[in-house]
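The values are calculated or read from the model by the stated rules, or taken from the named source; none is laboratory data. Because the structure is a prediction, the values reported are computed rather than measured. Here the Cβ is made from the backbone with ideal geometry for all residues, glycine too, and neighbour counts use every protein chain on show. Just so you know, the surface numbers come from the protein's heavy atoms only, side chains and all, with ligands and any DNA or RNA stripped out. Shrake-Rupley method; radii C 1.70, N 1.55, O 1.52, S 1.80 Å.
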Amino acid sequence: MNVTRPTPAHFGFFVYDLDKMVNFYTQVFKLTITDEGLGKNFGNRLVFMSASEDQHHQIVLSEGRSAESKVSTIMQVSFLVPDLAELRWNRDKAEALGAYEMRPMNHGNAWSLYYFDPEGNRVEVYLDTPYYVNQPYGTPLDLSKSEDQLLAETFAMVRDDPSYMPLAEWQARFRQRGAGRA
């Protein structure tokens, strides 16, 4: 029997203010509403959103988060961006729409920006670097620096780590292992 591994596809979470959160995710992440309506099982209003025509939804928001629910059960919702300019744009747009506790981090293999959306769900926005280093790994990231400065700092940070290798080498080793096969 040939077994394939599941691929993460989407996130769904309950929110207090559905309209506010739809506005946040469509504005900050440029998601498109693909469907919306009343759920047949629980009767909650649902909004489905995607950034890709080949996925009906990557995020679904549902009204009905209990007022007593003070803490989100989501560890984080992560979004990959193509470059540093987009990471900076995301920071500015998210903050303007109510995101808070901006925390940029250099993980060696990625530059990440963590924050809480307006309802306290942790969001990560990141881009990959050309390096690999064992995780978890991280130091603060200064987004005011140029991309060349950040690449030089990141390389200096990871080059002496015993796990360091160029990302392409790590990816080749991953393919050789046969990802996810027992």
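Details
- Max mean-square fluctuation residue, GNM over the chain, Cα-Cα springs under 10 Å, options P104, P118, P166: P166
- Residue-level accessible surface for V81, protein heavy atoms, 1.4 Å, Å²: 20 Å²
- In degrees, nearest ten, helix 167-177 long axis to first principal axis of the chain (Cα): 80 degrees
- Amide proton proximity set for F79, modelled H, under 5 Å, gap of 5+: E124, V125, Y126
- Neighbour net charge for E53 - beta-carbon separation under 15 angstrom, K R +1, D E -1: -1
- Equivalent-ellipsoid semi-axes of the chain, from the Cα gyration tensor, Å, largest first: 32, 23, 14
- Dipole in debye (nearest 20) - the chain, about Cα centre, beta carbon charges: Lys, Arg +1; Asp, Glu -1: 620 debye
- Pairs with C-alpha atoms separated by more than 31 Å, drawn from the list K20/K145; K40/K93; K93/K145, are K20/K145; K40/K93.
- Amide H partners (placed H, <5 Å) of L141, local residues excluded: M105, N106
- Degrees, to the nearest 10: 18-28 long Cα axis against longest axis of the chain: 30 degrees
- Measuring nothing but alpha carbons in the stretch 43-117 and taking Rh as the Kirkwood radius, the Rg to Rh ratio lands at 1.00.
- Charge sum, other residues only, whose C-beta stays under 10 Å from G98's C-beta, Lys/Arg counted +1 and Asp/Glu -1: -2
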